[in-house]
There are 2 protein chains.
Amino acid sequence: VIEAIRRLAVRGAPLIGVAAAYGLAIEIARAPTVAHARAAAERLRAARPTAVNLAHAVDRVLEAALAVPLGQLAAASLAEAQALHADETAASRAMATAGADWLSSGSGGPIRRVLTHCNTGALAAPGEGTALGVVCELHRRGELERVLATESRPLLQGARLTVWELVRHGIPHELIVDSAAAGLLAGGAVDAVIVGCDRVAANGDVANKVGTLSLALAARHAGVPFVVVGPTTTIDLACPSGAEIRIEERDADEVRFARGRRLTLPDTACRNPAFDVTPAELVSALVTEAGLRVPVGR
Amino acid sequence: VIEAIRRLAVRGAPLIGVAAAYGLAIEIARAPTVAHARAAAERLRAARPTAVNLAHAVDRVLEAALAVPLGQLAAASLAEAQALHADETAASRAMATAGADWLSSGSGGPIRRVLTHCNTGALAAPGEGTALGVVCELHRRGELERVLATESRPLLQGARLTVWELVRHGIPHELIVDSAAAGLLAGGAVDAVIVGCDRVAANGDVANKVGTLSLALAARHAGVPFVVVGPTTTIDLACPSGAEIRIEERDADEVRFARGRRLTLPDTACRNPAFDVTPAELVSALVTEAGLRVPVGR
């Protein structure tokens, strides 16, 4: 499970949490001792540094296991992983409704053309996903005209995964390179930008897939809402602000290559931050399963 | 020549101008009549819509040809193309000096780490180029620590061309995906952003490679200078503002593929604007061979 999380076979903050919960339950079933449970939890927690759902999920299963007599460790941890899975699935449904409600009526204008980043659908979260769950709900309500999907370099989750999900849902869409978003937004081609999140600090700063900050700045420049969708498990109250969020830097080969094809000279030095931090003041609405947080004055 | 310009075998606004000037001279040598010269000029002008240097260069050679007796058409147009080439080469040198001078002393702080976009070097303009010419001059002065180069999707001019030029010049550099720029800028990794331009409107709005607007917004957010470098031939006084600049939309396959490798489902619909427009108020300095334009109050 750790390896699957590291190489992004399992990805998307909520789905990483669910996978890690089951991973810990599996490991406890293999060797149902407190010491082993603690050690396995620690290793799982370190699989990826930015997504806070991972630590939340591991802690929740570990706590449930440690609260029962030794003979029930395995059963208790599996039951807790299943409960977490069910909670996250219900959260996806609640976020979709809350987000679509706000975009339909609370955001100040009709939202027919949305732009989304990376992949935040069923391949990233239980149910229909976070940001893409809201998009699906708008589509079911007949309010959606078209989705612009960013390709999301370096790993192309938009081009590979989001496009595939949009085709399955029958939602009209167009793919763009990441850097085309700002010009299209400024030209009036988009009514709202809607993204997921990997960690939200206590002050509302949002760590999410690299490129999110660019989209937030472009949305502000264009005067359209910038909406962040994520379960409350993504909120890290122990983290005061975005400045304290550790940004994972991944392998340079992700930049040097696209789907196995080399794009630059061999051994070119690269920076490859996987995430960036969007300040809370650029977020028009944070949509969770417990409702919305809309900054005062917006 | 038209075909080479269309498929970007010749690219970069100043180099497109020089190539088109020689292209017209060649065509006039083949059939030295006024009617043929006018027809060839019209076809060359339409090769790409956004770069204004193309029209300037073609008009300059055509005017020179039409100003001489019929027997001297071919000689006069070749001489004018050579003069334009020499002028653009001298302009590159002058821009490099003016840009480096301003960044060294006029911009308010030491500029050791610059971020640049697309390719603006010797593969885009006569001499050492426009923005990359300034970078080379900073390097010669010993002031440059490192260049961050964006890969510049969809056609990867940064990954393929700029990295190659930086290696040749021995300038330390790192490659990033386009969407990583904003986070790195916000994190303090860059002292200035420096880009070329394809057309500057009379009010100072800048059309340049798609992604430039994102970088300008990110530079403003980070509080670092955003510098645009281009010869005066790039300024289109007949164009009042960026709103009047026609943005070329190129083939969807440029988005669907990277260096021949398909990135998404076949036949995925794409938007592929090749340029975007950065409003003048986001430009800290416009560097030309005739000096700088620095907006009042910045």
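Each Lys or Arg adds one and each Asp or Glu takes one away; over the other residues whose Cβ falls under 12 Å from the Cβ of A:A46, this sums to +3. Along the axis of the charge dipole computed for the protein assembly as shown (Cβ charges of +1 for Lys and Arg, -1 for Asp and Glu, origin at the Cα centre), the listed residues B:H173, A:V224, A:L282 are led at the positive end by B:H173.
Remark: the stretch A:1-65 carries a charge dipole of roughly 200 debye about the Cα centre, counting +1 on each Lys and Arg Cβ and -1 on each Asp and Glu Cβ. Summary for A:G109: label point 7 Å along Cα→Cβ; distances to the equivalent points in the other copies, ascending, 3.4 nm.
Sorted from closest to farthest, the other copies place their A:L8 label points 2.2 nm away, with each point set 7 Å from Cα along Cα→Cβ.
Report, in debye and to the nearest 20, how large the dipole of the protein assembly as shown comes out about its Cα centre when Lys and Arg carry +1 and Asp and Glu carry -1 on their Cβ. My answer is approximately 820 debye. Shape verdict for the protein assembly as shown, please, from the Cα gyration tensor: rounded (a/c under 1.5), prolate (a/b greater than b/c) or oblate. Taking the square roots of the gyration eigenvalues as a ≥ b ≥ c, the protein assembly as shown is prolate. Backbone amide hydrogens, once placed in the peptide plane, bring B:D205 within less than 5 Å of B:G242, B:A280, excluding anything fewer than 5 places away on its chain.
For chain B, set up a Gaussian network in which alpha carbons nearer than 10 Å are linked by springs, and say which option among B:P126, B:P172, B:P231 fluctuates the most. Looking only at B:P126, B:P172, B:P231, the largest GNM fluctuation is found for B:P172.
The GNM of chain B, with springs linking C-alpha atoms under 10 angstrom apart, assigns the highest mean-square fluctuation among B:A46, B:A207, B:A37 to B:A46. Residues considered: A:R259, A:R146, A:R38. Largest GNM mean-square fluctuation over chain A, using C-alpha springs under 10 Å, is found at A:R259.
Relative to the longest principal axis of the Cα atoms of chain A, the long axis of helix A:131-140 makes an angle of roughly 60 degrees. Calculated mean residue ellipticity, 222 nm, the protein assembly as shown: -12000 deg cm²/dmol, from DSSP H runs (n ≥ 4) at -39500 (n - 2.57) each, averaged per residue and rounded to 500.
Between this copy and the others, label points of B:A90 are 7.8 nm apart in ascending order, each placed 7 angstrom from Cα in the Cβ direction.
Restricting the calculation to Cα atoms, every distinct pair contributes to the Kirkwood radius of the stretch B:133-210, found to be 13.7 Å.
For the stretch B:39-98, the equivalent ellipsoid built from the Cα gyration tensor has semi-axes of 23, 17, 7 Å, listed from largest to smallest.
Both radii come from the Cα set of the stretch A:192-298: Rg as radius of gyration, Rh as Kirkwood radius; their ratio Rg/Rh reads 1.06. Its Cα centre serving as origin, the stretch A:65-160 has a Cβ charge dipole (Lys and Arg +1, Asp and Glu -1) of approximately 380 debye.
FYI, it's all coordinate maths here, none of it is from the lab. None of these values were measured; they are calculated from a predicted model. Cβ: placed from backbone, ideal geometry, glycine included. Neighbour counts: every protein chain shown.
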